[in-house]
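First the structure, in the form of structure tokens, and then the observations on it.
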Amino acid sequence: MSEAAHETTTVAIVGAGPSGLTLANLLRTAGIGCVVLERQSRGYVEQRQRAGVLEHRAARMFEEWGLAGRVLQDSRTDGVQEFRVDGEPRFLPIAELAGGRFGRILPQQFLVQRLITAFLEDGGDLRFGCGDVTLGELDSDRPIVTYLDESGAQRRIEADFIAGCDGFHGVSRRSVPEGEQTTYTYDHGIGWFTVLADVPPPRHPMFAVSSHGFAAHFPRGPRSSRFYLQCPPGEDLGAWDEDRIFEQLRLRIGDPDLPYGKVLEKAVVDMRSFVVDPMSYGRLFLVGDAAHIITPMGGKGMNLALADAEVLAKAVRSAVRDGDEQPLRDYSRTCLDRTWSYQEYSRWMTEMLHDSGDPATSGPFRHKLARARLDRLFTSANAGGLFAELMAGEA
Ligand code: APR
């Protein structure tokens, strides 16, 4: 193998999604060397639309690391959540109830584009089109990553640490020897049919509960909306043409005037949860979706990924700068405490808002329970406050 094919770095990061790119930027800001290896092309990664809400903690993180100016520009702030119950709007003042904390609406593709730009502007090493990534020597002091570069040449990087930021289907978690991790999975038995459409965004993010079934309406940019409709798990996409989509949205949201708009994208997501414990093995640290999947209910997936990235960046900084490896040893516990708290929040919201009176999936008893639960958010400052605190994210 040629000399150029052997390299060394402090942190080899596998995957350039929200977690890998955040970690890369934070390490770069801390002056710690890293190389990011991404399987897909830049164009693919920059166009992928998924999450859209940054919680308070994530925005504060970018501020504290001096990246807010480049990452958060024109992210919309919204301190109010609408619950549309049987067509009646009710507004929960999240920011007010959560002591001034609020989320920001920032579609994932904008976040990803900005993180790539910031990292490259600062001279970061980000490689797209990396094939056949393999991880080795994970329980040694010098773990190794090999891959095929865009020209098909074999490359090898020796690192102090490897960050597995390659999502649920990535290679990192699969590289941990069998028996070293406990896996927790849960199927919520609920499907979400999601639609991206050219429909003007709602004034506030909205969840709608009615006997027609659950729906949600979120802003995605100045002219587009993302809708979610509960459907049976494994639903056939073909069963949803534009007429049915808008008829169901109007019924579930209780707005017969909801305008039609061009459907840009549709998909079915089955609500699943997944967690591995511990989130590390030797010198490999799993970050974001590589370690845990959470349902989209509550919008915490991207936020958990960003939070893991910051915990790891700080732990690597302590190890490299101060020779203190304790934060690295604590990495998994620290991240898992937050992960389980968010899993519980997400499950709570799922219970609160689904199967709430739709005769096909539930009945009148659940209908009454759902309304009582939702009512409590508005009538009890404690209940509303706890919900708002979790929605806004930790202080
Ligand atoms: N080699 C290199 N890169 C890989 C490999 C591989 N073998 N496998 C996957 N990748 C890349 C993917 O192409 C993707 O760009 O890793 C990246 C993983 O990104 P995500 O799946 O988005 O995971 P993560 O960064 O942890 O973010 C997760 O963000 O999209 C939101 O809410 C969503 O919970 C999710 C969160």
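Of all residues in the range 39-61 being under 16 Å from the mean Cα position of the chain (by Cα) and farther than 18 Å from Phe218 by Cβ, which is nearest to the ligand (Cβ to nearest atom)? Result: Val45. Scanning the range 246-254 turns up no residue that is outside any helix (DSSP H, G or I), basic (Lys, Arg) and under 28 Å from the mean Cα position of the chain (by Cα).
Would you check if Arg244 is over 24 Å from Gln109 (Cβ atoms), out of contact with any helix residue (DSSP H, G or I) (no Cβ under 8 Å at 6 or more places or on another chain) and of a type in the set (Lys, Arg)? For Arg244, the condition - over 24 Å from Gln109 (Cβ atoms), out of contact with any helix residue (DSSP H, G or I) (no Cβ under 8 Å at 6 or more places or on another chain) and of a type in the set (Lys, Arg) - is met. Can you tell me which residue among Arg84, Arg101, Arg70, Arg76 is basic (Lys, Arg) and modelled with pLDDT under 85? On inspection, the qualifying residue turns out to be Arg76.
Is it fair to say Gly31 is exposed (fewer than 15 other Cβ atoms within 10 Å of the Cβ), at pLDDT 95 or above and outside any loop (DSSP other than H, G, I, E, B)? Answer is no for this residue. Going through (1) out of contact with any Phe, Trp or Tyr (no Cβ under 7 Å at 6 or more places or on another chain); (2) crowded, with 21+ Cβ neighbours inside 10 Å; (3) of a type outside the set (S, T, N, Q) one by one, His56 falls short only on (1). Checking each residue in the range 256-299 for being in a loop (DSSP other than H, G, I, E, B), at pLDDT 95 or above and within 12 Å of the ligand (Cβ to nearest atom) picks out Met279, Val287, Ala291, Ile294. Among residues that are surrounded by 15 or more Cβ atoms within 10 Å (Cβ to Cβ) and in contact with a Lys or Arg (Cβ under 8 Å, 6 or more places away or on another chain), Leu138 is included. For the range 156-212, how many residues are within 16 Å of the ligand (Cβ to nearest atom), assigned to a strand (DSSP E or B) and among the aliphatic types (A, V, I, L, M)? The qualifying residues number 5. Residues that are surrounded by fewer than 19 Cβ atoms within 10 Å (Cβ to Cβ) and of a type in the set (Asp, Glu) within the range 161-201 comprise Glu178, Glu180, Asp187, Asp198, listed in sequence order.
Results for (1) touching a Pro at 6+ places or on another chain (Cβ under 8 Å); (2) outside the structural domain of Leu21 (by TED's automatic domain parsing); (3) among the hydrophobic types (A, V, I, L, M, F, W, C), shown as yes or no for each residue.
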position	(1), (2), (3)
Pro93	no, yes, no
Leu106	no, no, yes
Phe110	no, no, yes
Arg114	no, no, no
Thr117	no, no, no
Asp122	no, no, no
Asp125	no, no, no
Phe128	no, no, yes
Val133	no, no, yes
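Kindly indicate whether any position in the range 107-128 is away from the ligand (no atom under 14 Å from the Cβ) and among the polar types (S, T, N, Q). Yes, because at least one residue in the range 107-128 is away from the ligand (no atom under 14 Å from the Cβ) and among the polar types (S, T, N, Q).
Meeting the requirement of 3 or more residues that are more than 23 Å from Glu55 (Cβ to Cβ), the helices (runs of 4 or more DSSP H) wholly within the range 326-395 are 326-353, 364-379.
The values are calculated or read from the model by the stated rules, or taken from the named source; none is laboratory data. Model, not experiment: these values are computed from the prediction. Because the Cβ atoms are built from the backbone with ideal geometry, glycine has one as well, and the counts that use them run over all protein chains shown.
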